[in-house]
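Worksheet: one structure, shown below.
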Amino acid sequence: MTAAADVSDTVWIVNLAAVVEPDGLPRLLARTLGIREQGDMPERVAEGRRQLELAEPHCGAPPERALYATTAGFLDAAVGGLDAADRRLSQAHALAASMPDPPMLVLVTVGAAELRWRRGDPRGAAELLGIADAVRGGPNSGNPDIARLRLRLGAHGRGYGAGLESTAQQD
C-alpha cells in the first residue's frame, strides 16, 4: 500500500465515522473500518469483530445500524462467510434505502459489489460499482474499497457503464 493510499484510507475512515453520533461509537467504528481496510488478515478481522461487538450496543438509530451491518458484512466476506455477508448487507440495504442518506446507500452498494466479486460475478460487481458512483455523483478515488474493486474489475468496464446508465435512466 502506498503512502497516498494510507492518507486516503484515513481521510475516508474519519469522514465515515463522523456520520455516527453516540458517544464512543465513532471511535470504535472508525477503528474497525481501519482494520478492515488494511487487509483481510485473520488477526485484523478478529480484532474488527471484537470492535464491532463493542460498538453494537450503541447502534440504535438506522444510520448506525446500517453502518454496523455493512462493516460486519465486509468482515464476513473477508473470511469467506458469503451467506452471512449477504444477510448483513441485505439488512444494511433495507436500512439505507429508507433514509435520505446517499453516502450510506453508496457504502452499502459497494459492499454488495464486493460480495458479487467474491461470489464470482465480476460483471455484476462492476455494475453495482457503477451504480454506487452514479449515486455519489462520480467516482470516489478516496474510498479504499472502491479503489480495490476498481483494480479487480478493470476488465469489466461494460458492466460499470451499465450501472451508470441504469441510474441515469431512472432520472
- Tally of residues being in contact (Cβ under 8 Å) with a residue 24 or more places away in the chain and not in a helix (DSSP H, G or I) across segment 110-144: 5
- Query: Which ones in segment 53-68 are out of contact with any Leu (no Cβ under 7 Å at 6 or more places or on another chain) and either part of a helix (DSSP H, G or I) or closer than 22 Å to ILE146 by Cβ (or both)?
  - Reply: GLU53, GLU56, PRO57, PRO63
- Task: Could you identify the single residue in ASP133, ASP101 that is at pLDDT below 90, charged (D, E, K, R) and surrounded by 21 or more Cβ atoms within 10 Å (Cβ to Cβ)?
- Result: ASP133
- Task: Of all residues in segment 52-98, count the ones that are more than 16 Å from ALA113 (Cβ to Cβ), within 12 Å of the chain's Cα centre (by Cα) and open to solvent by 20 Å² or more (accessible area, probe 1.4 Å).
- Result: 1
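The values are calculated or read from the model by the stated rules, or taken from the named source; none is laboratory data. None of these values were measured; they are calculated from a predicted model. Reconstructed Cβ throughout: ideal geometry from the backbone, glycine too, with neighbour counts over all protein chains shown. Protein only, heavy atoms only, side chains kept; ligands, DNA and RNA dropped before computing areas. Shrake-Rupley method; radii C 1.70, N 1.55, O 1.52, S 1.80 Å.
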